[in-house]
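Everything below concerns the one structure shown next.
The values are calculated or read from the model by the stated rules, or taken from the named source; none is laboratory data. Values in this document were obtained by computation on a predicted structure and should not be read as measured data. Heads up, the Cβs are rebuilt from the backbone with ideal geometry, glycines too, and the neighbour counts pull from every protein chain shown.
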Ligand code: ATP
């Protein structure tokens, strides 16, 4: 699986999906650029989400708020005081860690040891049964398991209590049981705020400290009444937004899974107090169906309901996807009560109430939030669709089985040879279809090589223009996943593609 992940990262670079930022200057930690195909795929993901939200879902409209916002907003939302991760430094190696992630790594290492022992024992057990060896293995496994349970329980307790010294103690203990850094020379654990700050206005006027937003949601909350009034929206209704968010993450790893500059697709759904849990279930179900409709396999998704809820939430779940490094959060769905709007009332001094004409009363609405990272969605697609397939005759092909609606290029147009008018005919077809579909005209190399290139970037269809085309105006249409070909009339191409690639 680790191997698969490395291959996916290399593939993204090789074919122009994702490049490390500032690469010629040796990169910038946890920042990435999307290339010519990556940006197409990303745009398609955003459109798939935007249309599902604003066209299909009940009563949802979209906005596009600014990245800079009044700094008081982040005080009201709680981000200035509490948007922290625990940080620890190793004095010897000079390496910096996120304390809770470091402990998770320790736990994973113990688990790995347990699994190795069990696998070894199972193998030996298959060959011959040696009671003494069996007992020794059993004792080791039990010892590791006990250690794992102890650390895990203790870890949950101190995390819940945000006990920083407790976290440090666990790290010290872990280094004895399963050393990762090899030393015990650690600093204290500090809280580290994840928000990036900059200054607005010239210093002569007195510059104001402003933040790069760490989430897009607050831009929705502060515009709640603007949209409700100007759009004459009736509760229940939602506001959706896609935009950049910034977090100064302590650990930069796992490629585009955890970035310092990333993009979110968020929606806040405003409901009557008391009806929030019904709507929470509604959105939970709808969002999972949206993911599954892409056809990557239902088993790759699961819910992770939160046991420990943030103080403002009364229900929360994550939709997790099976990445090569385990099931990981791609989307969060939270019932946020009236926390945010009430806090904005308090900090701005403005009323955030809605007059409900059916009830004949005013109230601060409750909110259900759905929040998904574009980049994590991108990663889940690439990981879930990448395959190295062994073909007959031993040849290999790398293929991205992307859903046709999201694939960056929908159709490749390939003249069999660059003579006898085949290339001109290919260009004609390209010129008639290019306004409706993202097409590529590719004339270079053998037809086999051209198919491989298109498979690797996930193009669902290729048409080949051959000598028969010149006689009867038909082409071969090749399907990426089955590699099967059919003969179709050029005049039918539009409707066939339109049907197969629409959202
Ligand atoms: P995590 O626990 O992984 O740090 P989170 O619970 O802090 O994530 P939320 O604040 O709920 O995440 O953000 C909503 C969504 O935004 C996440 O489900 C994820 O898809 C995306 N997201 C959050 N942080 C990042 C990041 N650093 N890089 C890329 N996407 C992110």
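The condition (being out of contact with any strand residue (DSSP E or B) (no Cβ under 6 Å at 6 or more places or on another chain) and modelled with pLDDT under 95) is satisfied by just one residue among 232, 253, 247, 258: 253.
Number of residues in segment 259-274 that are farther than 18 Å from residue 32 by Cβ, near the ligand (Cβ under 9 Å from one of its atoms) and either more than 19 Å from the chain's Cα centre (by Cα) or surrounded by fewer than 21 Cβ atoms within 10 Å (Cβ to Cβ) (or both) equals 0. For segment 188-198, a tally of residues being more than 21 Å from residue 76 (Cα to Cα) and either crowded, with 17+ Cβ neighbours inside 10 Å or within 26 Å of the chain's Cα centre (by Cα) (or both) returns 1. Kindly check whether there is at least one residue in segment 199-221 that is out of contact with any helix residue (DSSP H, G or I) (no Cβ under 7 Å at 6 or more places or on another chain), within 30 Å of residue 49 (Cα to Cα), in contact (Cβ under 8 Å) with a residue 24 or more places away in the chain and surrounded by fewer than 17 Cβ atoms within 10 Å (Cβ to Cβ). No, segment 199-221 has no match at all. At least 2 residues being buried (at least 16 other Cβ atoms within 10 Å of the Cβ) is the threshold, and among the helices (runs of 4 or more DSSP H) wholly inside segment 399-503 those reaching it are 422-433, 447-457, 493-501. Going through 371, 380 one at a time, which residue ends up being within 16 Å of the ligand (Cβ to nearest atom), under 18 Å from the mean Cα position of the chain (by Cα) and buried (at least 22 other Cβ atoms within 10 Å of the Cβ)? Within the list 371, 380, the selection yields 380. All of (1) more than 17 Å from residue 80 (Cβ to Cβ); (2) surrounded by fewer than 16 Cβ atoms within 10 Å (Cβ to Cβ) hold for residue 233 with one exception: (2). Here segment 286-308 is the region considered, the condition is being more than 28 Å from residue 386 (Cα to Cα) and within 13 Å of the ligand (Cβ to nearest atom), and the residue that is modelled with the highest pLDDT is 306.
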